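The values are calculated or read from the model by the stated rules, or taken from the named source; none is laboratory data. Bear in mind that the values here come from a model prediction, so they are computed numbers and not experimental data. Every residue, glycine among them, receives a Cβ derived from its backbone with ideal geometry; neighbour counts consider all protein chains shown. Accessible surface areas use protein heavy atoms only, side chains included; no ligands, DNA or RNA. Shrake-Rupley method; radii C 1.70, N 1.55, O 1.52, S 1.80 Å.
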Amino acid sequence: MFSPAQAFSGFSVNDIAAAKQFYGETLGIAVTENSMGFIELQLDSGAKVLIYPKPNHEPASFTIMNFPVDDVEAAVDDLNSRGVVTTIYNGTGMPVDDKGIMRGNGPTIAWFLDPAGNVLSVLDA
């Protein structure tokens, strides 16, 4: 019988080792590797996200994962200190500031990329 109780999300990357390093070491998310060589993110909420390698991977053209935070600017400063670039939309016509933060058009939000080019964000909790 169908049940959403154990549902999880997933997305592809072109380099599983780079993804493991980025999500595990750079972002500090608990990462496990399964028997198929895929990685799973173990989120504090109890949710899991499957990341799998795909040779012809094309980055998602939309935000695949959002990280709600209490202070977007502090989160951006923290990410920048870890080497994560949050200015991916500067110069594109998006109303973002010098740190890549958009304010006043919905929740305060800043976007960044994983090593495979997938779009992630930090936004007001």
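Being among the small types (Gly, Ala, Ser) and open to solvent by less than 70 Å² (accessible area, probe 1.4 Å) is the filter; apply it to region 56-83 and report the residue that is modelled with the lowest pLDDT. Before the answer, list the steps.
Of all residues in region 56-83, those among the small types (Gly, Ala, Ser) come to 60-61, 74-75, 81, 83.
Then keep just the ones that are open to solvent by less than 70 Å² (accessible area, probe 1.4 Å); that gives 60, 74-75, 83.
Working: Ala60: 91, Ala74: 98, Ala75: 98, Gly83: 97.
For region 56-83, the residue satisfying everything is Ala60.
The residues of region 10-35 that are closer than 26 Å to Asp78 by Cα and of a type in the set (Ser, Thr, Tyr), listed by number, are Ser12, Tyr23, Thr26, Thr32. Within region 72-109, the set of residues being within 26 Å of Pro53 (Cα to Cα) and in contact with a helix residue (DSSP H, G or I) (Cβ under 8 Å, 6 or more places away or on another chain) comprises Arg82, Gly83, Val84, Thr86. Across region 35-55, the qualifying residues are those that are in a loop (DSSP other than H, G, I, E, B) and among the hydrophobic types (A, V, I, L, M, F, W, C), and the one among them that is surrounded by the most Cβ atoms within 10 Å (Cβ to Cβ) is Phe38.
Of everything listed in (1) modelled with pLDDT of 95 or more; (2) farther than 17 Å from Asp114 by Cα, the single unmet condition for Ser35 is (1). Against the conditions (1) open to solvent by 50 Å² or more (accessible area, probe 1.4 Å); (2) assigned to a loop (DSSP other than H, G, I, E, B), Thr32 satisfies every one except (2).
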